[in-house]
Amino acid sequence: MLRVLPIAVALLLACSAGRAEITFGSAHAIVVDETTGEVLLQKDGGTAAPIASLTKLMTAMVVLDAQQDTSEKLRIAAADMDRLKHTRGGVPLGAVVSRGTLLELALLASDNHAASALARHHPGGIDAFNAAVQQKIVALGLENTSIEEPTGLSPNNRSSAQDMVKVLRAATSYPEIARITSLRRHAVVVNGHRWAVRNTNGLVGSQGWTILLSKTGFTNEAGRCLSMRVQAAGRTVMVVLMGAVGSSDRALDALNIRRWLSGEAPVATRADKAHSRLMANRKRSAQTPIVETTSEIVVPPTPSFVDPGSETPPYDDIET
C-alpha cells in the first residue's frame, strides 16, 4: 500500500501539470465558464479600473436598444472630436456616414469619432444617451462601473473585470455586436470612399482561435485591455483582461488562458522568467550579492494586437 501511494501522487501531479497556475501580466483578469457561470481563473477581478474602449460595448448596446434606422446618414461634427486627449485619428470632421457603418467603425476599429457621433444622435441627444447608459448599468447589476462618455477616452470610465463579464454576457445577446467584432477585416464606405478596416484584436481569425465576440481597449491610464467570448477545448468562456502594460503581455495572457483550458502548461511570462533566473542565481551563490541585469527577457512570439486606443484607428490605405 505504501508503494502505491507515491505512484498515485506522481500520476496526479502529471495529470495536473497542464493546469499550472497562470501568472497574469494583466493587473486584472477573469475567466468564466459561460454555461455554468464558474469562475475558472481570476486576478483582482473585483477592483474597478479604467476600461478605455471596452466602454464601446456599452455604447453599442445602448445605440442598438434605441432601434434607430441603421441606414440614416450622420455627419461627424466638431463635438465628436477628441477634447480629452486631443488625438486626431478617426472618421474625419464633416464626413457623412450611415449609422450602421459608424457602429462597425466604433466596434471593429475602435473609432472614437464614430462612437461619439452615435451617442450624439441618440434620441434626445447626448444627455438622453448618458441617461440610457446609467439605466443599463443598473439593469445589468454592475456594482463597480461608472461611465461618463461613450468612447472610453476618459479615465473616469471605470469598471471591474467581474462587471465587464456581465457586460460581455449582455453583449452576446446582440447579434450585430457579435457579427461585427468577430470579423478579421471589413470594408466600409465613408464619403463615397471604400475603407478596408482591420479588427483591433489581432487574435480574431488567427489560427487556433475561435473568437465569437471581442473588444480591445487602450489608454495610458487603462493600459492594454481585452474582453472576448472564446470557444476553446469544448467550452465557451468569457475572458476579461485589464491593465496590461504592453500588447505582448496582454496577448501572452490570452494565449496562456487558451493553453490552460486545453490542459497545456502556460508559456512563461516575463515575470516568471525573471523570477526563475533570480532563483537560479541565488542557488548558485547564496553568499554573492545578485546584480540585476538590464538585458531583455525574450518570450515566445505571440499574436499581436492592433489597438488604436487614443491613436489612429487601423484603417488600410483609402481606396477610391
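Bear in mind these aren't lab numbers, they're just calculated from the coordinates by the rules spelled out. Bear in mind that the values here come from a model prediction, so they are computed numbers and not experimental data. FYI the Cβ positions are ideal-geometry reconstructions off the backbone, even for glycines, and counts take in every protein chain you see.
Quick rundown of the values:
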quantity: Near-label residues of segment 241-256 by backbone N, under 11 Å of a point 7 Å along Cα→Cβ of residue 21; calculated: none
quantity: Entries in 136/215; 43/136; 73/166; 166/215 that, when Cα-Cα distance is taken, lie over 20 Å; calculated: 43/136; 73/166
quantity: Segments 84-95, 43-54 sorted - mean Cβ within 10 Å per residue, highest first; calculated: 43-54, 84-95
quantity: Segment 164-221 pair-distance distribution - Cα-Cα, 10 Å bins, rounded %; calculated: 20, 43, 31, 6
quantity: Around residue 120: net Lys/Arg minus Asp/Glu count, Cβ-Cβ under 15 Å; calculated: -2
quantity: Full-extension gain in nm, residue 47 to residue 183, via 0.36 nm per residue minus C-alpha separation; calculated: 45.9 nm
quantity: Inter-label distance for residue 191 and residue 172, nm, one decimal - labels placed 7 Å from Cα along Cα-to-Cβ; calculated: 4.0
